There are 2 protein chains.
Amino acid sequence: MQDPPDKNEVPGIIGIRRAHERICGFIRQTPVINEQALDEKLNCQVFFKCEHLQRTGAFKFRGASNAIALLRERKTKGDVATHSSGNHGAALALAASLDGRKAHVVMPENASPVKIEAVQRFGGQIHFCESTQAAREAGLARLVAAGHIPIPPYDHNDIINGQGTAALELFQQQPGLEIVIAPVGGGGLISGTALVASAEGVITVGAEPAGAADTAASLKQGKRVETWQPDTIADGLRALVGVRNFDIIQAHVEQVLTVSEEEIREAMRLFWQYFRMLIEPSSAVVLAAIAKNPDLFTGRKLGAIVSGANIDPADWIRLTSKIG
Amino acid sequence: MQDPPDKNEVPGIIGIRRAHERICGFIRQTPVINEQALDEKLNCQVFFKCEHLQRTGAFKFRGASNAIALLRERKTKGDVATHSSGNHGAALALAASLDGRKAHVVMPENASPVKIEAVQRFGGQIHFCESTQAAREAGLARLVAAGHIPIPPYDHNDIINGQGTAALELFQQQPGLEIVIAPVGGGGLISGTALVASAEGVITVGAEPAGAADTAASLKQGKRVETWQPDTIADGLRALVGVRNFDIIQAHVEQVLTVSEEEIREAMRLFWQYFRMLIEPSSAVVLAAIAKNPDLFTGRKLGAIVSGANIDPADWIRLTSKIG
């Protein structure tokens, strides 16, 4: 039986499968890589799903592509808008541009030049604002008032279903995984991942910097923490977990592990030593959590989602320098 | 009919197919990636075969794995030896170690710490020597006299067939390519690539730094140039083209394009801007040659082999800095 078109797809395995069909002509099916020499060091097998090799350098392009494709399916015309200091902005810029739309991205004046350049390269239009949450929201509100369609970065059904497609591919590419691990920021990636893993009977574990561990704290108190002053080099994970993201995490994520800043730096170095790729601190939390918890992972077969590579090489050096 | 085992496999499509069967359990099937936004800039479609994501960070692991697997098939026992200031050393170290052998690698004292570390990480034993060709060859001769089996980096049938497996995968992964382009150093990769492309009816083009353009010069004079003082940042392409490699290039490579140092630097920047990956100067010559020759490539569908990612991020920054 053909599923009827659903104007408000709920987050879940059906929506994620539909999302994958919808976006598979636009995204890259990113590779899954493993290195035996690293496995021997970690005493477990780790299969890395390389979303840092996704278009625009991050998994964010999946969610953005799904949201844009649904606008097209629903015949909703118009430009889109978001606020972002990071990867969602560039992802939305490219996804919109491939659909003949413009993406308007509110960015703080102090955003990194690399991220500003990426939004522009992929066709987005930047609206600078002061570096406060209030200014960012006000900037977005003006764009929405002007008729543009808001596409939020994580607390949104279409985004969650889009991000879940990475795990969908991972389980097809690498059968037999026992645990899948993803970073936790706003929660778009981990919630999509957990919905797929749950349908596969696989355990999901999250990884978070100790300096932005609002999700671990929320799980502990059984209620979403509403304020947290983030302090971490993992800039992609500083956001508070989203409302619907937290609901999914509570239902489907086994636990969220936390790692220190130095453990993140060491994982960035380790990934480079074994794979010759630079990854963002936000990506490295997963490898850091694996290295830190041999009691949980020894002898297991793990899937690890590597989320992004959008880091200026000079920043990578600064962050991984033993002196710095 | 089963092919009889061949103790001295000649370089060619049959040997390359056999090599692939032999090594496919050890190598990564590296991804092929494309970015429409970059295609629009270049006015052609470029499908990058990501051998810089191969184990040990370079295509060299293919040839080394094939050579080692053939030692095993031929029941030849013993450790292996080579001299290398670069990627062949680490590749041979890992391939040997996976077969329970030791690789002895003669390296110049001034080799980069990154390359020394890689050989050691993957299980190789380093023998330092002075930084001259004579000292390197003398070092290797001592190891061979001690009973170790020499595995040269490019001028060797098993190596050429191994390197050809990258193109074999490329044509399977991406049908419809019209031209394939690979860098030219000692000639292992380009000769294997050309043998596969020729069997597919596809044109092969080489790319070389102007400062190490011995192959272009050799083709021009119809005879292998035997001395050349290389002067290029593309350290992996400084070697003179090998004897049997040049024979294959003469027979199967349409032309070898040369690029300037600044064109190489610009291609390194460009690859990072669109793909967020750092590649070696030796890899970037291919993209540099594509960007430089719109007359040859506009409107065409190209396969480009990206050969390696073994560059210290600090060196990448130094080489791509607009000031430097």
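The values are calculated or read from the model by the stated rules, or taken from the named source; none is laboratory data. This is a predicted model, so every value here is computed, not measured. Here the Cβ is made from the backbone with ideal geometry for all residues, glycine too, and neighbour counts use every protein chain on show. Just the protein is used for accessible areas: all its heavy atoms, side chains included, with ligands, DNA and RNA removed. Shrake-Rupley method; radii C 1.70, N 1.55, O 1.52, S 1.80 Å.
Here are the numbers:
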{"read-out": "Shielded by partner chains, region B:34-49 residues - at least 50 Å² of accessible area, 1.4 Å probe, vs chain alone", "value": "B:Glu35"}
{"read-out": "Charge sum, other residues only, whose C-beta stays under 11 Å from B:Ser321's C-beta, Lys/Arg counted +1 and Asp/Glu -1", "value": "+3"}
{"read-out": "Net charge contributed by nearby residues that have their C-beta within less than 12 Å of B:Gly206 (K/R +1, D/E -1)", "value": "-3"}
{"read-out": "For region B:72-163, size of Cβ-based charge dipole, Lys and Arg +1, Asp and Glu -1, in debye", "value": "320"}
{"read-out": "Average Cα contact separation per residue, chain A, under 8 Å, 6 or more apart, as relative contact order %", "value": "21"}
{"read-out": "Area buried, chain B against chain A - accessible surface, total, 1.4 angstrom probe, square angstrom", "value": "2600"}
{"read-out": "Pairs from A:Lys115/B:Lys292; A:Lys102/A:Lys292; B:Lys60/B:Lys292; A:Lys60/B:Lys301; A:Lys301/B:Lys115; A:Lys49/B:Lys60 whose Cα-Cα separation, in the structure shown, is over 32 Å", "value": "A:Lys102/A:Lys292"}
{"read-out": "Region A:200-275 and region B:273-297: distance between their alpha carbon centers, rounded to Å", "value": "37"}
{"read-out": "Of every Cα-Cα pair in chain B, the percent that sits beyond 27 Å", "value": "39"}
{"read-out": "Dipole moment magnitude, nearest 20 debye, chain A about Cα centre, only Lys, Arg, Asp, Glu C-beta charged", "value": "760"}
{"read-out": "Net +/- balance of residues flanking A:Ser283 in space, Cβ distance below 14 Å, scoring K and R +1, D and E -1", "value": "-2"}
{"read-out": "Nearest-first distances (nm) between copies at B:Ala314, label 7 Å from Cα via Cβ", "value": "1.6"}
{"read-out": "Minimum 40 Å² accessible area buried by the other protein chains, region B:302-319 residues, probe 1.4 Å, relative to alone", "value": "B:Pro313, B:Ile317"}
{"read-out": "Portion, in percent, of the accessible area of chain B that falls on carbon or sulfur, probe 1.4 Å", "value": "50"}
{"read-out": "Per residue accessible area in Å² of region A:166-215, where ligands, DNA and RNA are left out and the probe is 1.4 Å", "value": "21"}
{"read-out": "Label-point separation, B:Arg74 to A:Asn110 (7 Å along Cα→Cβ), nm", "value": "6.4"}
{"read-out": "Value in Å of the Kirkwood radius, where region B:31-90 supplies the Cα pairs that are averaged", "value": "14.2"}
{"read-out": "Solvent-accessible area of A:Leu219 with every protein chain in place, 1.4 Å probe, in Å² to the nearest 10", "value": "50"}
{"read-out": "Computed magnitude of the charge dipole of the protein assembly as shown (debye, nearest 20; Cβ of K, R +1, Cβ of D, E -1)", "value": "560"}
{"read-out": "Set of lysines near B:Lys223 by C-alpha distance (under 19 Å), chain-local residues within fewer than 8 positions excluded", "value": "none"}
{"read-out": "Unit charges at the beta carbon, dipole of the protein assembly as shown: most positive-side option, B:Asn110, A:Gln273, A:His148", "value": "A:His148"}
{"read-out": "Kirkwood Rh (inverse of mean 1/r, distinct Cα pairs), region A:126-235, angstrom", "value": "16.1"}
{"read-out": "Extreme residue, positive dipole direction of region A:85-205, given options A:Leu195, A:Thr132, A:Pro175 (C-beta unit charges)", "value": "A:Thr132"}
{"read-out": "Positive-pole candidate from A:Val286, A:Ala304, B:Ala212, dipole of the protein assembly as shown, charges at beta carbon", "value": "A:Ala304"}
{"read-out": "Label 7 Å beyond Cα on the Cβ vector: B:Pro230 copy-to-copy distances, nm", "value": "4.5"}
{"read-out": "Integer Hz, Karplus 6.51/-1.76/1.60 couplings in order for region A:88-97, x for Gly and Pro", "value": "5, x, 5, 5, 5, 4, 5, 4, 5, 5"}
{"read-out": "Rg/Rh (Cα only; Kirkwood hydrodynamic radius) as it applies to the protein assembly as shown", "value": "0.98"}
